[in-house]
Amino acid sequence: MLVQRLPRIALTLALLATSGLPPAKAAEPIPVRVHEIENQGAYNKRYSYFLVLLEHVLNASCEECVVEKVAFPLATSTRNTVHLQKGRIDVAWLNTNSAREKQLRPIRIPIYKGLIGWRLLLARESTANKLKDVTSLEQLQTFWAGQGHDWPDTPILKSAGLRVRTSDSWEGIIHLLRQERIDYFPRGLNEIFYEAQTLRHHGIVIEHSLALHYPAAVYFYVAKHNQALAQRLEAGFETIIKNGVFDRLFHHFFDADIRAAHLETKRIFELSNPNLPPLTPLSRTELWFTPASVVGSKVVASGTQNKTVPEAAPAGPANAPPKNAAPPEPQ
């Protein structure tokens, strides 16, 4: 098991050096271990975001904390839960549900601001031409969706009456799509554009008329017994929410994807999430992405009822996300 310590920003030492005062004796570093993800293409944007966000949260609440990357094979959410419980890692980022919140200690700040619940559809080109005529949930229910058999999105789609075929991996779902056993594969705004590029030569494209939305949260998680770290993370998050760093990081990493989604042109099917825990902070509107550009577009909620998406605050500066790379985070 390899451990790599990430460097911290030595701002305090630099200030002391310029003041002429002798530096105080350095406190013993507190390692905060995370799962290292090997370099695997543009998915590293999300892993980079996780690391940068964690660094900012810890810098705001724990001067002694030092992030360390621990090398493990790519793991499912179930395996990462075990890693946390056995103390092999200290922090993981995982989709939330009621069962997981009983097993682990969630830090209830949605790190993607719910962006993972805004879904566009991968489809074969021939099927995309049929999906563009769908105007109601009842019509969409005649098509087959693909999902992972244990992914949190699967019960969400099924509870909306959508037909779902499952596989045990992303590659398996793509195989179902290519073999015409499913018609579409819903993917989050922060993952679909890279995937569509890699699948273009298979005749798989992004359908341009429809989108799904349901409340979904990805949190930092720690082990149940790790209350000290949980409190540090919660305090750090509140600091970077208040000073605007959280918003700036989100916009830096994801504004390009949000703009590329053109949600203002989509018919949006609003679905409920039956597995969303009751303590999800939905009332804290500053923690959730709501696209201002969607004002006036049609949202189809549990059938054919149309609603208008409420206006949100304008997006921050639109910087292109880094071109680094890593695999999709475990569902």
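The values are calculated or read from the model by the stated rules, or taken from the named source; none is laboratory data. Remember, it's a predicted structure, so these values are computed and weren't measured experimentally. Using ideal geometry, Cβ is built from the backbone for each residue, glycine included, and neighbour counts are taken over all protein chains shown. We work out accessible area using only protein heavy atoms, side chains counted, and drop any ligands, DNA or RNA first. Shrake-Rupley method; radii C 1.70, N 1.55, O 1.52, S 1.80 Å.
Assorted remarks:
- Stretched out straight at 0.36 nm per residue, the stretch from Lys242 to Glu63 would grow longer than its current Cα-Cα span by 62.6 nm.
- Proximal charge balance of Thr78 [Cβ under 11 Å; K/R count +1, D/E count -1]: +1
- Restricting attention to the range 46-203, lysine pairs at least eight places apart or on different chains and with alpha-carbon atoms under 25 angstrom apart total 8.
- Residue-by-residue Karplus 3J(HN,Hα) for the range 117-123, coefficients 6.51, -1.76, 1.60, Hz, glycine and proline x: x, 9, 10, 9, 10, 7, 8
- Translational diffusion coefficient (Stokes-Einstein; Kirkwood radius from C-alpha pairs) of the range 115-206 at 10 °C, 1.306 mPa s, in µm²/s: 121
- Centroid-to-centroid separation of the range 206-226 and the range 104-128 [C-alpha atoms, Å]: 5
- Sequence of His201, His213, His262 when ordered by accessible area, the most exposed leading, probe 1.4 angstrom: His201, His262, His213
- Residues whose placed amide H lies under 5 Å from that of Val164, excluding near-sequence neighbours: Ala145
- Cα gyration tensor, the range 136-180 - rounded (a/c under 1.5), prolate or oblate: oblate
- Inter-site label distance for Lys224 and Thr76 at 7 Å from Cα along Cβ, in nm: 2.1
- For the set Lys224, Lys113, Lys130, the ranking by accessible area, highest first and with no ligand, DNA or RNA atoms included, is Lys130, Lys224, Lys113 under a 1.4 Å probe.
- The listed residues His149, His252, once ranked by accessible area (1.4 Å probe) with the largest placed first, stand as His149, His252.
- Residues whose placed amide H lies under 5 Å from that of Val134, excluding near-sequence neighbours: none
- Between Arg267 and Leu210, Ala211, the built amide H atoms are under 5 Å apart, and every one of these is 5 or more places off in sequence or on another chain.
- Derived from the Cα gyration tensor, the three semi-axes of the equivalent ellipsoid of the range 86-140 are 37, 13, 11 Å, largest first.
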